[in-house]
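See below for the structure under consideration.
What follows is calculated from the coordinates using simple rules that are stated; it is not laboratory data. None of the values given here were measured: they were computed from a predicted structure. Note: ideal-geometry Cβ built from the backbone for every residue, glycine included; neighbour counts use all protein chains shown.
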Amino acid sequence: MLAWREAKRAEVLAKRPKLTEKELAKLVKELELNPKQSPFANKTNWTLRKVYEEDHALLEANFRAYINGFSKNVDDIIEHFSYRATIGTMVKNNRLAPILNQYKELALGPDQLSGLEMGYIYEELLRRFSEQSGEEAGDHFTPREVIRLMVELLEIPIPDRHFSIYDPAAGTGGMLSVAKEHLLDRAATPVERERVENLLTVHGQELSPTNYAVCQADLIIKNDQQVKIFLGNSLIPHDPRSRDPGDQWPEPKHRFNRMLSNPPFGVTWGGKDGYETETRKLETTRYRAGMPRVNDGAMLFLQTMLAKMIPFVVPPSGGSGEPAKAGTTNDGSRIAIIFNGSPLSNGDCGSGESEIRRWILEND
C-alpha cells in the first residue's frame, strides 16, 4: 500500500501542485478507499514499520487497529485465516514484536513477488508441514509441472467467444491461475491477449477457509475481475439458510468448457464425520451413476464435474456429422482430474465404485 500511496501522491501533485500536505493526504486517502482506484484499502495511516517503531506498550493495540482498518475484501481473508486469534497467540508468546521487526524489512509487495509466487510459497510450506506430520499433502499441493501437463491435455483455445474454466476443489487457486497464464503465454498478439482477458472466465470453490483465504489474497493482488472463487462444499446443494455453504455453481444453470481438479484423497463424506444427508439430496440427479464408499468422496467430485459438462455440438444437416474439433470453443467440455489409485480399482463388481465406472464408460 505504501508504494501505491506514494505513486498516487506524485500523480495528484503533478496535476495540482498547489495542494497543501493535508489536502493532498485527504485526496490520496479518498482514492485509496475507492474500489475503482484500488483493489483493496486500509483506512488507517499505519504501516508495519510505523506500528513497530511506536511505543511497544501499545504494539498489540496499534497492530490490531492496522488489521481492522482493511477493506471488506481483505477483512474476509483475515477472518478465514483466523488471524486475530493468531495475534493473541503471538503476544502471549512474546513473538509479535520480533515478527513485525522481521517483516517490516522484507520486500514482499506485488512489485517483488507475484500473487502466484506467494501462493506457491504458501503451498510449499503446507507440503513440508504435511510431510512432517505424516498427513496427506495431496489435500493442499499440486506440483506446477503436473498442472501444466493437465492444462496441455485440455487443449484450451484462445477464445473467440465466452469460455469458462472450473475447479470444484480449487485449493489456493494454483490450477486456475496456471490455466489462465498458459493461455496468456500462448497469445501471440495484443489482440489475442485481450481476448483471453475479456472472454475467459474462471470459476472455483474451496472448502478449506485457509486455502480460500490464500486464493482470495492472490486474486486481490492481481485485481483479476474475471475470476470468482466461492467458499463452500461443492459436493452438496446450497441452502441459503444453512451456515455451511454448498455448491455455488449448480447445474444446469452453470456449465463449463473446461474443468480440472486435484480433489483431496480419502474424503469422508458419510457417517457422523461427513455430510451424507445433504449429499444424498443429489443422489437421483448429479450422482445418478451411484454413490461411492463413505470414506472416499473422489468419485463424487468427478460426478460433480460430469454434471457440469456442456454437450458436444453436432453440426446441422449438411455438415460432417462429427463433433467440433478439440480446441475450438464449441467442442463441449473436457475434464482433467487427478486421482490416487483407489477410485480406479476399488470396489467389487456391483459396488458403488464399480457401478460408477460402468456408468461413465457406458455413457461415453
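For the residue pairs LYS72/LYS228; LYS104/LYS228; LYS22/LYS50; LYS26/LYS72, the C-alpha atoms sit more than 25 angstrom apart in LYS104/LYS228. Between GLU6 and SER242, full extension at 0.36 nm per residue minus the direct alpha carbon distance yields a gain of 80.5 nm. Summarising the label geometry, the points placed 7 Å from Cα in the beta-carbon direction at ASN340 and LEU149 lie 1.8 nm from one another. Computed from Cα atoms, the angle from the helix 298-307 axis to the main principal axis of the chain rounds to 80 degrees.
Scanning residues 5 or more positions from VAL267 or on other chains, those with amide H under 5 Å from its amide H are GLY297, ALA298, with H placed 1.01 Å from N in the peptide plane. Taking 0.36 nm per residue of separation and subtracting the current Cα-Cα distance, fully stretching the chain between GLN226 and SER114 would add 38.6 nm.
Here the simple spin-label model places points 7 Å from the Cα toward Cβ, and for SER351 and LYS22 these points are separated by 7.7 nm. Taking max minus min of the alpha-carbon positions on each principal axis, segment 2-103 gives extents of 49, 29, 19 Å, largest first. Couplings 3J(HN,Hα) of segment 186-195, computed from phi: 7, 5, 8, 9, x, 5, 5, 4, 5, 5 Hz, in residue order, whole Hz [Karplus 6.51 cos²θ - 1.76 cosθ + 1.60, θ = phi - 60°; x for Gly and Pro]. Which one of GLN248, GLY290, LEU235 has its Cα pushed farthest toward the positive end of the charge dipole of the chain, where Lys and Arg give +1 and Asp and Glu give -1 at the Cβ? Of the candidates, GLN248 comes out farthest on the positive side. If R0 is taken as 56 Å, the Cβ-Cβ distance between GLU194 and ALA57 corresponds to a FRET efficiency of 0.55. Listing SER261, SER242 from fewest to most neighbouring C-beta atoms within 10 Å gives SER242, SER261. Projecting the Cα positions of THR268, MET90, ILE338 onto the charge dipole of the chain (unit charges on Cβ atoms of Lys, Arg, Asp and Glu, taken about the Cα centre) puts MET90 furthest along the positive direction.
Each Cα pair under 8 Å and six or more residues apart adds its sequence gap; the mean of these over the residue count of the chain is a relative contact order of 14 percent.
What's the FRET efficiency of PHE312 with HIS162 using the Cβ-Cβ distance as r and R₀ = 22 Å, to the nearest 0.05? Step by step, r from the Cβ atoms, then E = 0.80. Rounded to the nearest angstrom and listed largest first, the equivalent-ellipsoid semi-axes of the chain from its Cα gyration tensor are 42, 28, 17.
Exposure here means at most 14 other Cβ atoms within 10 Å; with GluC sites (Glu not before Pro) in a DSSP loop as sites, the longest stretch of the chain lacking them is 156-282. Charging the Cβ of each Asp and Glu at -1 and of each Lys and Arg at +1, and nothing else, the dipole of segment 138-362 about its Cα centre rounds to 360 debye. Using alpha carbon centroids, what distance separates segment 269-304 and segment 223-245, in Å? About 18 Å separates the Cα centre of segment 269-304 from the one of segment 223-245.
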